[in-house]
Amino acid sequence: MTGLRIHPGYAVLTTVALVAGALIIFQNRQLPPPAPALSAHRDETALAETSVSGVARVIDGDTIDIRGARVRLNGIDAPEAKQICVANDKKYQCGLEATEALIQLIGSNTVQCDQTGRDRNGRVIGRCVVGSTDIGGWMVEHGWAVAYRRFSLAYVDQENRAREQKQGIWAGSFTTPEEWRRMKREGEIQ
């Protein structure tokens, strides 16, 4: 039996073709992303995504803006800007008064908010403090917002105290902000 002889150039060419094919396949393969390194920087990034602080601009009685981030105060619902309430047989703009109360509380102080979620409009929902004062708790306790029980029971005690002491909107009669928004949507009020 005689052996089959292969020219040495063909062997080299075949080896080069196999290596080139393997390189093409390897380069097109999707590699999993590298595991994140555990570092202080990663912890700072995670914290930055869940909290925001700075001087706040008050939007209304339960919403502030800090450096372009809209923050809805967690667990409270304040009267809407155009909402009217009644106290001592007189109508007054309780939504504007709630907004003014929040402006007075915050002033030009730094506000720190820890994100607790996002609302359906994409706004950050957060528990915010100015100094050591919980802003949501203060607004409810002074009668400028109600505990938003559908989302949190955090401020029910403050609401009960405000009601007992006839603070803010509890000094007279009002429609809850949630009900007022529903009535506005359905055209029951202008």
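The values are calculated or read from the model by the stated rules, or taken from the named source; none is laboratory data. Not measured: the values here are computed from a predicted model. Positions of Cβ are generated from backbone atoms using ideal geometry, with glycine treated the same way; all protein chains shown enter the neighbour counts. Ligands, DNA and RNA are stripped out before the accessible areas are found, and what is left, the full protein with its side chains, is counted by its heavy atoms. Shrake-Rupley method; radii C 1.70, N 1.55, O 1.52, S 1.80 Å.
List of remarks:
- Scoring Asp119 on the criteria (1) closer than 26 Å to Lys184 by Cβ; (2) at pLDDT 95 or above; (3) not basic (Lys, Arg) leaves a single failure, condition (2).
- For the range 116-167, the set of residues classified as free of Cβ contacts under 8 Å to residues at least 40 places away in the same chain, in contact with a helix residue (DSSP H, G or I) (Cβ under 9 Å, 6 or more places away or on another chain) and hydroxyl-bearing (Ser, Thr, Tyr) consists of Thr133 only.
- Subset of the range 148-190 that is within 21 Å of Leu96 (Cβ to Cβ) and of a type in the set (A, V, I, L, M) - its residue that is surrounded by the fewest Cβ atoms within 10 Å (Cβ to Cβ): Met183
- Total residues in the range 122-132, condition at pLDDT 95 or above and open to solvent by less than 40 Å² (accessible area, probe 1.4 Å): 5
- Failed condition for Arg150, given (1) more than 15 Å from Gly61 (Cα to Cα); (2) modelled with pLDDT of 95 or more: (2)
- Only one of the listed residues (Ala81, Ala48) is open to solvent by 30 Å² or more (accessible area, probe 1.4 Å) and either at pLDDT below 90 or among the β-branched types (Val, Ile, Thr) (or both). That residue is Ala48.
- Within the range 90-116, considering residues that are open to solvent by 20 Å² or more (accessible area, probe 1.4 Å) and under 18 Å from the mean Cα position of the chain (by Cα), the one farthest from Ala78 (Cα to Cα): Thr110
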